[in-house]
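Each remark here refers to the structure printed beneath this line.
The values are calculated or read from the model by the stated rules, or taken from the named source; none is laboratory data. A quick note: this is a predicted structure, and the numbers were derived from the prediction, not measured. Every residue, glycine among them, receives a Cβ derived from its backbone with ideal geometry; neighbour counts consider all protein chains shown. What goes into the accessible areas is simple: the full protein's heavy atoms, side chains included, and nothing from ligands, DNA or RNA. Shrake-Rupley method; radii C 1.70, N 1.55, O 1.52, S 1.80 Å.
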Amino acid sequence: GAGVSQSPRYKVAKRGQDVALRCDPISGHVSLFWYQQALGQGPEFLTYFQNEAQLDKSGLPSDRFFAERPEGSVSTLKIQRTQQEDSAVYLCASSLGGLGGDYEQYFGPGTRLTVT
Amino acid sequence: SQQGEEDPQALSIQEGENATMNCSYKTSINNLQWYRQNSGRGLVHLILIRSNEREKHSGRLRVTLDTSKKSSSLLITASRAADTASYFCARESGSRLTFGEGTQLTVNP
C-alpha cells in the first residue's frame with residue numbers, strides 16, 4: 001500500500017502569509033504526528049493525534065501553529081502569519097497503534113517551507 | 001530542544017568497514033528507535049529496541065541498549081556506499097519520539 005504522503009513538497013511563503021500543509025497517513029493508522037526539522041538537526045516533535053483527538057500539542061512553538069485531523073485520517077498543519085524562523089522541513093508520521101505500544105512511525109517525505 | 005545526544009556527529013569510513021554510532025539520553029524510555037535519513041528525504045525506521053531488551057539484530061544492523069547508562073549503540077557491519085545517510089536515535093516516552101541530532105555517516109567506495 002501507499003506510504004505517508006505530504007503536500008505540497010515545497011512551499012515558499014512571504015513573511016506574514018498563512019500556509020497549510022497536508023498529510024495523508026497510511027490508511028488505518030491510528031496515530032499521526034507532526035515534526036519540524038531544521039537544517040542539520042533532528043526532527044522536533046510538534047503535535048500528536050490519536051484518531052481525531054489531539055492528545056499532545058505541547059511541541060507547537062506558538063499560537064500561530066494549529067493542527068487538525070477532523071475525521072481521524074488526513075491532517076492539516078496551519079501556520080498563520082509566517083515568520084522567517086518557521087523555515088524548516090515539516091514531517092508527518094503515522095503509526096498503526098496508539099500510546100505506548102512500541103509501534104514504529106512511518107514518515108512522509110516532508111514539506112520544505114521557506115519563508116522569505 | 002533535543003534530549004538525545006549522538007556521537008560522533010560525523011563518521012567517514014571505507015566500504016566494507018563497520019560503523020558504530022552511539023546515543024545517550026537523559027530520562028526514562030519506553031523504547032529506543034533508530035532511523036535513517038537520506039539527504040532531502042523522509043526518515044526510514046531501522047530498528048526498535050524495548051526498554052527491557054539489551055540487544056537486537058536486523059540484517060547488518062546490531063543495536064544495544066544499556067538502560068543503566070542511558071545509552072544505545074548502532075553497529076552497521078560490512079558497510080556499503082548506499083549506507084551513506086544521517087542516522088538518528090529517537091527515544092519514545094509517552095506519546096512522543098525525541099530525536100537526537102544525528103550522525104552523518106559517509107561510506108566511501
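Return the total of residues in the range B:10-32 being surrounded by 12 or more Cβ atoms within 10 Å (Cβ to Cβ) and either among the aliphatic types (A, V, I, L, M) or more than 16 Å from B:Leu61 (Cα to Cα) (or both).
Summing the residues that are surrounded by 12 or more Cβ atoms within 10 Å (Cβ to Cβ) and either among the aliphatic types (A, V, I, L, M) or more than 16 Å from B:Leu61 (Cα to Cα) (or both) in the range B:10-32 gives 11.
Quick one: which of B:Ala78, B:Ala82, B:Ala90 is crowded, with 16+ Cβ neighbours inside 10 Å, out of contact with any helix residue (DSSP H, G or I) (no Cβ under 6 Å at 6 or more places or on another chain) and not charged (D, E, K, R)?
When all the criteria are applied, what remains is B:Ala90.
Please find, among A:Asp24, A:Asp18, A:Asp56, the residue that is touching a Phe, Trp or Tyr at 6+ places or on another chain (Cβ under 6 Å), surrounded by fewer than 19 Cβ atoms within 10 Å (Cβ to Cβ) and of a type in the set (Asp, Glu).
Result: A:Asp56 is the single residue among A:Asp24, A:Asp18, A:Asp56 that is touching a Phe, Trp or Tyr at 6+ places or on another chain (Cβ under 6 Å), surrounded by fewer than 19 Cβ atoms within 10 Å (Cβ to Cβ) and of a type in the set (Asp, Glu).
Among the residues of the range B:33-56, is there at least one that is modelled with pLDDT of 95 or more, farther than 28 Å from A:Gly3 by Cα and either open to solvent by less than 80 Å² (accessible area, probe 1.4 Å) or of a type in the set (Gly, Ala, Ser) (or both)?
Yes.
Can you tell me how many residues in the range A:47-72 are in a loop (DSSP other than H, G, I, E, B) and at the interface with chain B (Cβ under 10 Å from one of its Cβ atoms)?
2
Kindly list the number of the only condition in (1) open to solvent by 60 Å² or more (accessible area, probe 1.4 Å); (2) farther than 20 Å from B:Ile47 by Cα; (3) under 14 Å from the mean Cα position of the chain (by Cα) that fails for A:Thr116.
Single failed check for A:Thr116: (3).
Specify the residue that is least open to solvent (accessible area, probe 1.4 Å); the eligible residues are those in the range B:57-75 that are within 17 Å of B:Val44 (Cα to Cα) and touching a residue at least 40 places away in the same chain (Cβ under 8 Å).
So, considering only residues that are within 17 Å of B:Val44 (Cα to Cα) and touching a residue at least 40 places away in the same chain (Cβ under 8 Å), the one least open to solvent (accessible area, probe 1.4 Å) is B:Leu74.
With the structure loaded, tell me whether A:Ser95 is closer than 19 Å to A:Gln37 by Cβ and of a type in the set (Ser, Thr, Tyr) or whether it fails that test.
Numbers: closer than 19 Å to A:Gln37 by Cβ: yes; of a type in the set (Ser, Thr, Tyr): yes.
Answer is yes for this residue.
If a residue counts only when it is among the basic types (Lys, Arg) and more than 11 Å from chain A (Cβ to nearest Cβ), which strands (runs of 3 or more DSSP E) contained entirely in the range B:26-75 have at least 1 such residues?
B:55-58, B:61-66
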